[in-house]
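**Student:** Supplied in structure tokens, the structure appears directly below.
The values are calculated or read from the model by the stated rules, or taken from the named source; none is laboratory data. A quick note: this is a predicted structure, and the numbers were derived from the prediction, not measured. Note that each Cβ is placed from the backbone with ideal geometry, even for glycine, and that neighbours are counted across all protein chains shown.
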Amino acid sequence: MEGEKKRYCHDLSIKVQLHALINQNKAGSPTNPTVYWIHLKPKEIAKLYFSQYGVLLSNGYIKRELFTLGYRYRKIHKNLATGNYKDRDIQFKIIFDLLLIMSLESPVLSIDCKKKERLGALYREGKSYSQGGRQEAYDHDYSYLGEGKVIPHGIFDIQKNLGFMTIGNSSETAAFIVDNLRWWWFNFGINDYPDARNILLLCDAGGGNSYRHHAFKKELLVFAKEIGVDIIVAHYPPYASKWNPVEHQLFCHVHQAMSGQMFNDYEVVKVLIEKTSTKQGLKVVARIHLQDYQIGIKTDKEEIDERRIQRHPIIPELTYRITA
């Protein structure tokens, strides 16, 4: 039997037959003649080969042969935009130029609201080490099974590689977002940037900080006057929120720190968020802020003091300075 296995390993005909079998089961791209894929896994190819030729091949051997033919494991990436913004590239250039001219004395903040969660015995992906038994969760994640909302809003200080997160339980409104900025400034920003003349704020185009709504501008006008510092706002173009630095420099690491954990109460969420760290020195401070924020409050255009808003000449709706 050993001699028979050895003979097959050195038999060139096995490779020829295997490649032919792979080619019979491959599919191709309708737009790119160089792109192919195969729906069979290595163990399925081994089973099919055995049924046709009576020889059992190892998964490792089949993987190596797939590699020589240019096949790789792949997964689906959520990179296709659901829409397009006509001045997308121009806005990215404006943001890049703003980042270049900002001095180290003035903060550059990237803000956004992380995925909303729920307290209670609800399933969350991931694993964690534990001395106790397994954690039991409901077999369905119905919202009514939750014991409270978790709304984590993040502020990422790009220059200092620091994260600041507020855990709310109400709604992601403009008032909630600017209250978080207010908490950051009076507890950290004013000490880290005592000579700041501007704050550069990078944010998405929608949500509580939408460029289309007057509420966010109204709250920022109050905040800028309160702290005596101009605020430069640069919204990432619609359908381009994944480029917001807070997403891939803060939230991805917070997500890892929270994976596999059940949110029993808000204090647990806070402890998990503050565990976040990286080899590059990222640290995160979190707070619990259980204040009610009403939604649906209408802000009229007349409530916005346009005299204190200096808009960019090319894309005035996405980039503007709010003067103190």
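**Student:** Inspect all residues belonging to the stretch 139-151 and state whether any of them is of a type in the set (V, I, T), over 26 Å from Q256 (Cβ atoms), in the same structural domain as S277 (by TED's automatic domain parsing) and modelled with pLDDT of 90 or more. Show your work before the answer.
**Tutor:** Filtering the stretch 139-151 for residues of a type in the set (V, I, T) gives 150-151.
Among the residues that remain, those that are also over 26 Å from Q256 (Cβ atoms) are: none.
No, there is no match, as no residue in the stretch 139-151 is of a type in the set (V, I, T), over 26 Å from Q256 (Cβ atoms), in the same structural domain as S277 (by TED's automatic domain parsing) and modelled with pLDDT of 90 or more.
**Student:** Pairs under 7 Å by beta carbon, first residue on the phi < 0 side of the Ramachandran plot and touching a residue at least 40 places away in the same chain (Cβ under 8 Å) in the stretch 234-255, partner among the charged types (D, E, K, R) and part of a strand (DSSP E or B), six or more apart or different chains?
**Tutor:** N244/D112; V246/D112; E247/D112
**Student:** Next question. Any residue that is under 18 Å from H153 (Cβ atoms) and surrounded by 18 or more Cβ atoms within 10 Å (Cβ to Cβ) - is there at least one of those in the stretch 295-310?
**Tutor:** no
**Student:** I need the full set of residues from the stretch 261-279 which are among the β-branched types (V, I, T), surrounded by fewer than 21 Cβ atoms within 10 Å (Cβ to Cβ) and part of a helix (DSSP H, G or I), in order please. If you could, list the steps in order and put the result at the bottom.
**Tutor:** Filtering the stretch 261-279 down to residues among the β-branched types (V, I, T) leaves 268-269, 271, 273, 276, 278.
Keeping just the survivors that are surrounded by fewer than 21 Cβ atoms within 10 Å (Cβ to Cβ) gives 268, 271, 278.
Correct list: V268, V271.
**Student:** Evaluate the stretch 297-308: report whether one residue or more is touching a Phe, Trp or Tyr at 6+ places or on another chain (Cβ under 6 Å), within 18 Å of H213 (Cβ to Cβ), in the same structural domain as D157 (by TED's automatic domain parsing) and in a loop (DSSP other than H, G, I, E, B). Steps first, please.
**Tutor:** In the first step, residues of the stretch 297-308 are kept if they are touching a Phe, Trp or Tyr at 6+ places or on another chain (Cβ under 6 Å); the result is none.
There is no residue in the stretch 297-308 that is touching a Phe, Trp or Tyr at 6+ places or on another chain (Cβ under 6 Å), within 18 Å of H213 (Cβ to Cβ), in the same structural domain as D157 (by TED's automatic domain parsing) and in a loop (DSSP other than H, G, I, E, B).
**Student:** Of all residues in the stretch 224-251, which are at pLDDT 95 or above, among the acidic types (D, E) and either surrounded by 18 or more Cβ atoms within 10 Å (Cβ to Cβ) or not assigned by TED's automatic domain parsing to the domain that holds L109 (or both)?
**Tutor:** Within the stretch 224-251, just D230 meets the criteria.
**Student:** Okay, moving on. Give the residues of the stretch 281-294 that are surrounded by 10 or more Cβ atoms within 10 Å (Cβ to Cβ) and not charged (D, E, K, R), sorted by residue number. I'd like the intermediate steps shown before the answer.
**Tutor:** From the stretch 281-294, those surrounded by 10 or more Cβ atoms within 10 Å (Cβ to Cβ) are 282-291, 293; that's our starting set.
Of everything in the stretch 281-294, those that are surrounded by 10 or more Cβ atoms within 10 Å (Cβ to Cβ) and not charged (D, E, K, R) turn out to be L282, V284, V285, A286, I288, H289, L290, Q291, Y293.
**Student:** Exactly one of these conditions fails for Y320: (1) outside any strand (DSSP E or B); (2) of a type in the set (S, T, Y); (3) in contact with a Lys or Arg (Cβ under 9 Å, 6 or more places away or on another chain). Give me its number.
**Tutor:** Looking at each condition in turn, Y320 falls short on (1).
**Student:** What strands (runs of 3 or more DSSP E) lie completely within the stretch 141-260 and have 1 or more residues being under 17 Å from H289 (Cβ atoms)? Quick ask: steps written out before the conclusion?
**Tutor:** Numbers: elements: 149-157, 162-168, 198-203, 230-235.
Output list reads 149-157, 162-168.
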